[in-house]
Structures are given as structure tokens and as C-alpha cells.
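Comments concern the structure below.
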Amino acid sequence: MIAGSVVVVIGAFVVGESIPALTHIGGSRFMTDESWHPAADASFGQFNLLPILIGTVLSSFAAISVAAPLGILSAAFCQFYAPLRVARWYRLMIELMAGVPSVVFGLWGLVVLVPIIARIHPPGQSLFTGIVILTLMILPTVALLSDAALASVPRSYLQGAAALGLSRATTTLSVVIPAARSGLVTAVLLGLVRAIGETMAVVMVCGNVVRVPSGPFDPIRTLTATIALEMGYARGDHRASLFFCGMILLFLVTLLVTTMEIVNRRLRHGTT
Amino acid sequence: MNRRFQSVSGVIVLACAIVVGCEDSSPAVNPTQPVEVKQVTITGASTLAPLLSEIAKRFENENPGTRIDIQSGGSSRGVSDTRSGLADIGMVSRDLKPGEDDLQRFRIARDGVCLIVHRDNSVESLSREQIIGIYTGEIRNWQEVGGTNAPITVVNKAEGRSTLEVFAGYFKLDTRKIHADVVIGDNEQGVKTVAGNPLAIGYVSIGTAEYDRESGIPIRLLPLEGIEASVKNVANETFPMSRTLHLVTKSQPEGIVKDVVEFATSPKVHDLVRELSFVPIE
Amino acid sequence: MARRESWFPHLFDTCVWLAPVPIAGLFLWLLGDLVIRGGGAFWPVDTEVTGIRSVIVIAEQIIHFLTASPVRAGRGGGIGPILVSTGLILTVCMFVALPIGLGTAILLSEFLAEQNRFGRLVRRSLDVLAGVPSIVFGLFGNAFFCRFLGLRFSIAAGGLTLACMVLPLLIRSAEEGFRAVPESQRQAAAALGFSRWSTVFRIIIPQASLGIVVGLILGIGRAVAETAALIFTSGYVDRMPRSLGDSGRSLSIHIYDLSMNVPGGNENAYASALVLVVSLVVINVSARKLAASFLHREVSHT
């Protein structure tokens, strides 16, 4: 009810503010301009968003491909493998990770990780560092939601598997995980969505250079970082184009969420 | 459940009472007389926000019954909020642009911009041409300017930032032609980047860099045109790359706004200005 | 088949045991770094103070840090007003998000069939809401709560914006918790003559309290961790707030300002981060204990 309307209002707001960008700059320029050098007047600036979009996609998709297996495995660890005391401490630690501000992750990344990576391959602020930090940040989301999904598998399944003499690994892999499929898919997709929306930490460790990276150690810029860095200094068409970045982000998220729903519906009908 | 509920709600009520109690114990509130609170809102450059916060606190202490709220958001925000009336005063960390002539401006402090490298970097100074070469990507290796054989990590500020505009203006660089390896937002981010990478070069506010160097952060300030980069040299106006920090108002300030502006630009706050490593306007 | 059964489980087991290692390793590294850099703020500078006196001095410094106002742009003094602001923002957030969240979750799980179109729409918009970047929330919050509703930079605006951000997490977790309550409970309640609402309040909510609490913890975590959304809504002011209409910065904004904007603010930035982490631990543990007590009260077995 209220929640639904909030989304609509946010959507309308973002779209409304982006309109000047679309009318003055025009859709194609966002892809064909030379680079990203925005100005308050559309005719003076350049607005190629493609490298920035690629930056967002690369960093978040790479992060989730690391965080998803790690998160699901650690949820399995918590639920089925670890002794109770260890599991409780581990879960507490993951919940703690969920609450650490992105500023702290970013700060640590900038001050500790970046110099180490800079020694391997300068500049240090890069796609790689961004992926590491993003993975750390979305892992709690994936792990905790997976944990809840695994926990909600009916006891009878576990008892059945035990009765059949299946090993823990087989039980987990062949019985529990498939049963919790839809919850796990949700966990992974929400983690991905969180990675796409992360702002502060990314600003500190990704380098923020508008260029398509030629390797993992090259710097990248994401859509969120662009909004964060430039919003305070943007006027006119520049400001509108930043809202357009927000619009792209919303569109991406909506796309992913709808996909998740379709996948889940298919899965649910499959298992009964 | 009822008893537990009661105890929990009791705790919450107690907490609220404590908070409310703390509020009332502030000396500025006189229970017998209704206090007329005069409010001033100041928004703008994040560079100036800490300084104005301190100035505001001192003003509030000397003039009870006033509240000065500082918000950040960037120099352009300061300008637009002042124009639209959302803020009474704007903080601008650069000289005003031609289109901003309608605003009243008041100089509050001066600051220099200098280049920094890592302390372990053997390069001791760079000429104007070398700096331009490095930042446009023509010079890519430290060896070409007398350093070790290693690629240069160029650190630049994000578009629209005042420091970038001062830097680009001084070296007559088109910001589009700058080839950067890392783009940063605020000054300290730049310092941390350079301090963590022996191959990096960047530019930041001199006051910030000097303070950090004195605190032990491994950076070195490069001289410009032979003049050492120091707050002292910004003060005696020998350092070439400097900027003036301003407060702006929509029209000639009156009343409490006038008092605040006068206070902020008076010698009474020069110690605060110096503490944050800026140069007061004498 | 037999061959697969022999080595595959071991491989999987190894993977499961290995997975937490890099996670815990990196995170503990981060925490350790925080403690080392932040602890310096509390360590007694005077080296003549030793033994039991040093413990007292450290305790004093910690209390001072937690209650005093920031001095010299935050490089000295403490974070008292900021803790109060953060607490108030969180309180507003929870006061708004909990009722709406629980209500929506109940609606979704108890009163609407799973396939219901309206329910699906709500769920989908909630998931989208969960994915909106924090900075977009900040801009939206600024335009809607601060300007349109006239709240200006204030704790109230910040809390409301955070409530929007936290709502999807809360609802989803609560809904999962509600769904996990076996149908048999509802049927038993119906057989005993409970009304729909009584069932919800006396049977289902207590049983689902674990899910609700997890949602709450995740929500508080997300709220406390927020920076970008709050800069534009509850603002930058570091004074002790006198009402919900006052502007007041949150702990994460303070950490950001000290580490990225104020020269020499590093030590206090880390110290503040340490305070934040410790408070998170306290909140998490006490939230779980509270839920556990509800559980014991209402359900005699399980």
C-alpha cells in the first residue's frame, strides 16, 4: 500500500528530474559522445555514459559471482556443519558486517587494501579492489537471506535424507539447496541489487576514472559514484543527466527484480 | 507478555525522559522568558564546512539565542541555495564566476593549492612544463622527470570541484585533456591516495597537506616556480597558486546575518582559521 | 555412482568449511585495523600512568568521548551530540517502519493468497525499493521530506527517509517468518475459535518473532550504515539536537567528514567507527535476547 506508492513517487521524481537531460541531450548522445565531461549547458558538454554503465555492471556482477557461492556456502556452514556455538558467533559476525557503514569499508579499502594492490599493479584503486570491497559488503545480505532460506526447509526433508543414509554434503547439495531454491535466488539477486546501488565505498576504492577498463587493475567509475561525486557541483543539464544516471539504476534494478520474480515462479511451480 | 511489555515500554519512556531532560538543562533556555531563537542557515563547500562549524559554535556561545546550521553540498549548492533563499549564507571555496555577480561576496580566508608526492619519491621539484606533461599524459614515467623507472599514477579531482578549477586555471589546462589514473572527491581522499602509493602525484589544499605532513603522513609538498609550498608563503602572497574562500549572500546582509558575516570575517576568528590550516584575511 | 559418492562429499565439505575463512579473515582484519587505529584515541598519553590507574583513565576517556561535544571540527572532544542524533534518527525510523512493515507483512502473508496480483505487485515494488541506491534515496528524501513537506534539514526527515529504505528488508524478513509458521498452528487456532486478528497477534507474531527480529537487525544495520541518504536529509550539524526538527549528523556522516574532509581527523574517525561497531554488537545481542524472551513466554514448546 504505502510501500508501493513510495516506489512510484521515487520513480516519478527521478524520471521527472531526468527529463531535461533527455530532451536537451538526446538518448543517443549518451552512448556516442566522446567521453563524460558534463557541463550545465548540453551543447558544451559530453555525456557518454557507456563506460560508467559498464563500470557498474562489471563491478557488481563480478562481486555477486564471488559473494553468491561464498554466501550460500557459509549459510550452509552455519546451518548444517558448524557446532552450535561457532555458528552463533559466525552469525553474529555476519550481522555485524551488515551494519558496518560503507564509509568504514571504503576507508579500510583506501588505506589498507589499495596500497597493497598498488604495489602489485598501480594505481591500486581499480575494478579489482572494488570487487573485493563490494563482495565483503554484499556478503552479509546474501549469507543472512540464504541462512533464512535454508532454515525454512521442512525438517521432514532432512529426516528423510538421514533415513536414506545420505552424507551431509549430498543432503545439503541435493536436497536442501534445491528445496530452498527460490529463497536462495532471492538472496543472490538482492545481493546483486545491493552491489549495484553501493555508493560511498565505491567512490573511495574504484578510482572513478571514466574509462572502459582494459584489465581488472584499471580504475573504473560507476553510476552511483558519478552521482555522488558530481551532484554537489552540478547545475542545469549536468544535474539532469545525473538524475538520468539514477533512472538507469532504477531501470536496472526493476529489470533484475522482475527477472527474479519470473525465475522464482518457475521454480515454485516445479517443486510444488 | 504483559509484564515484559510493560517493562520494555517503561525503559523506552525512561529513555525519552532522559533525552528531554538533557535538552532542558542547556543554559540557553530561560524558563521564565520565551526565548526568541534566531536561526541562520549556511550551506556550501565542504572545504569550508568544518571552519564555519567552529565559527558558528563560537558565535552561538557569545550570542545565546542564536542557532547557526551548517550544511555541506558543494560550492555550487552554496550559490544556488543562497539565491533561492534556502540558505542565508553560502560558502564558496573559489572565486566567483562571471554569472554569479548578483551575489554579495565576503572574503573569509585564503588557501593555496600545491602538488604532493609520496615522501619516498626522489623527485624534489617539477617545472611547469613537466606538470602539464604529466597531467596531459605525455609524460608517463617518473624516469622522464628525474625519478625511478616506474609509471606515474596521476591523481585528479572530480569535475566541478573548486580545487580542480584553481589547478586547471593556473596551468591553463582544459579539464577534458587531463589524463588521470585516479579521480578523487575530497582533499583527504587525495592525501590518503598519495600516501598509500609511492608512484602517485596529486594536488590538494596546502593547509591540509601541511597539517597532514606534520602529523606524520608520508607525503611531500612540491614547490612551485621555486617557491616552497607552505601556509606561510600563501600568507605572504609569494606562493603562486592560491585561491580565496568566500561567503556569499543574496543581497546586502542585515540583522543577524550581518552579524554572522561580520563575525566570520573579523580577527576574532583568525585563530580558528589558522587551526584549520587556512590563511586569515588581514 | 559409488566413486562420486566417495570423493565428492569430501570436496563439498571442504568447500563449506573453507568458505567462512576468507570472509572472517578479511572482516577481522578490518576490525583489527579499526581497533588499532581507533583505540589510540582512548589510550592514555601519559606514560607514567600504569596498572589499575590506566584502566580507570581509559574508562574515563571512553566516557568522555561518548558524552562530550566535538571540538576543533571533531578532532577533539567527543561524539555525544552525534550519538544522540543518530539514536533519534534510528528511533524515528523504527517507529515509522515497524508498524507499516509489520502491517504490510501480515497483509501479504495472512490475508492475501500467494498468487494474488496485488500482493505480487506490492512485493515487486518492495524489492525494487530495496535496490534503490542510497544516494537516490538521499536526493528523493531531500526533495520530498525536506522541501515538499517542509521539514528542512532535520532528524525527522532523515528518519523518514531511512524508514523508506529499511521497509523492504523488514517486510520481507517478517513475511518469511510468518510463512514459516506451520499451517497447523492456524488451523488449531481456528478450531479453538480464535478470530483472525487474535490468531495473528497471539500465535503467529510471537512464533515469527525470529524472522521479525532478523529483519529488524538487518534494518537497523542498514540504517546505521547509511551515509549518502542522510547527508541530504538530516544534515551536517554536529550540535546537540533539541527536537526532531533540528538538523543533526549521524555517526557515519561524522566518520566520513573526519576521515575525508578534516585534516587530522583520522584518529577520531576510527574511534567513532569503533563506537559504532560496538553499539551494533550490543543492539544485535539484545535484540536477539528480547526475541528469545518473547518466544519463551508465548510458546510452551519448540
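None of the figures in this text is laboratory data; all of them are computed from the coordinates on show. Please read these numbers as outputs of a predicted model, since none were measured by experiment. Cβ placement follows ideal geometry from the backbone for every residue including glycine, while neighbour counts extend to all protein chains displayed.
From the alpha carbon centroid of the stretch A:97-111 to that of the stretch C:205-249 is 17 Å.
For every helix of n ≥ 4 consecutive DSSP H residues, a contribution of -39,500 (n - 2.57) applies; sum these over chain C, divide by its total residues, and give [θ] at 222 nm rounded to the nearest 500 deg cm²/dmol. Don't skip to the end; give the middle numbers.
Working: 12 runs with 203 residues, N = 302.
Computed mean residue ellipticity for chain C: -22500 deg cm²/dmol.
Amide H contacts under 5 Å for residue B:65: none, restricted to partners 5 or more places along the chain or on a different chain, H placed in the peptide plane at 1.01 Å from N. So what's the gap between the Cα centers of the stretch A:134-159 and the stretch A:195-221, to the nearest angstrom? Answer, in whole Å: 29.
What Kirkwood hydrodynamic radius, in Å, does the protein assembly as shown give when the mean of 1/r is taken over all pairs of distinct Cα atoms and then inverted? It would help to have the intermediate numbers written out before the result.
Values: mean 1/r = 0.0352 Å⁻¹.
Roughly 28.4 Å, rounded to one decimal.
May I ask for the percentage of alpha-carbon pairs in the stretch B:134-256 that lie more than 24 Å from each other? Value for the stretch B:134-256 (Cα pairs over 24 Å): 33 percent. A cut-off under 13 angstrom between Cβ atoms defines the neighbours of residue B:239, and their net charge, with Lys, Arg +1 and Asp, Glu -1, is -2. Count Lys and Arg as plus one, Asp and Glu as minus one, and take only other residues whose Cβ is under 14 Å from that of residue A:197; the net charge is then -1.
Just checking the listed ones, C:85, C:54, C:173: in the Gaussian network model of chain C with Cα springs under 10 Å, the one fluctuating most is C:54. Span-like helix criteria (full DSSP H runs; alpha carbon extent of at least 20 Å along the helix axis; mean Kyte-Doolittle hydropathy of at least 1.0) are satisfied in chain C by C:20-39, C:51-67, C:80-106, C:155-180, C:209-224. Rg and Dmax of the stretch B:181-223, based on Cα coordinates, read 9.4, 27 Å. Overall form of the stretch A:86-223: prolate. Here a/c, set by the Cα gyration tensor axes a ≥ b ≥ c, is 1.5 or more, and a/b is the larger of a/b and b/c.
Quick one: work out Rg over Rh on the C-alpha atoms of the stretch C:74-298, Rh as Kirkwood radius.
Working: Rg = 19.6 Å, Rh = 18.8 Å.
With Rh from the inverse mean 1/r over Cα pairs, Rg/Rh is 1.04.
Please compute the net charge surrounding residue C:255, taking Lys and Arg as +1 and Asp and Glu as -1 over other residues with Cβ under 15 Å from its Cβ. Could the numbers behind the result be given before it?
Numbers: positive: B:192, C:37, C:75, C:249; negative: B:186, B:188, C:33, C:226, C:238, C:257, C:267.
After counting each charged neighbour, the total is -3.
Relative contact order for chain C: 24 percent, from Cα pairs under 8 Å spaced at least 6 residues apart, divided by residue count.
Between amide H atoms placed 1.01 Å from N, distances below 5 Å from residue B:204 occur with B:114, B:116, all of them 5 or more places distant or on a separate chain.
Over all distinct alpha-carbon pairs, what is the Kirkwood Rh of the stretch C:125-259 in angstrom? It would help to have the intermediate numbers written out before the result.
Numbers: mean 1/r = 0.0602 Å⁻¹.
Mean inverse Cα-Cα distance, inverted, gives 16.6 Å.
Simple point charges give the picture: +1 on the Cβ of Lys and Arg, -1 on the Cβ of Asp and Glu, and for chain B a dipole about the Cα centre of about 540 debye.
The ranking of C:10, A:37, B:270 from fewest to most other beta carbons within 10 Å of each one's beta carbon is C:10, B:270, A:37. Structural descriptor for chain B: relative contact order 25 percent, calculated from alpha carbon pairs under 8 angstrom and at least 6 residues apart. For the stretch A:157-272, the relative contact order works out to 25 percent when only alpha carbon pairs closer than 8 Å and six or more residues apart are counted. When both the stretch C:135-151 and the stretch C:68-105 are represented by their alpha-carbon centers, they are found 18 Å apart. Distant-in-sequence amide contacts of residue B:241, defined by a placed amide H-H separation under 5 Å and a gap of 5 or more residues or a different chain, comprise B:113.
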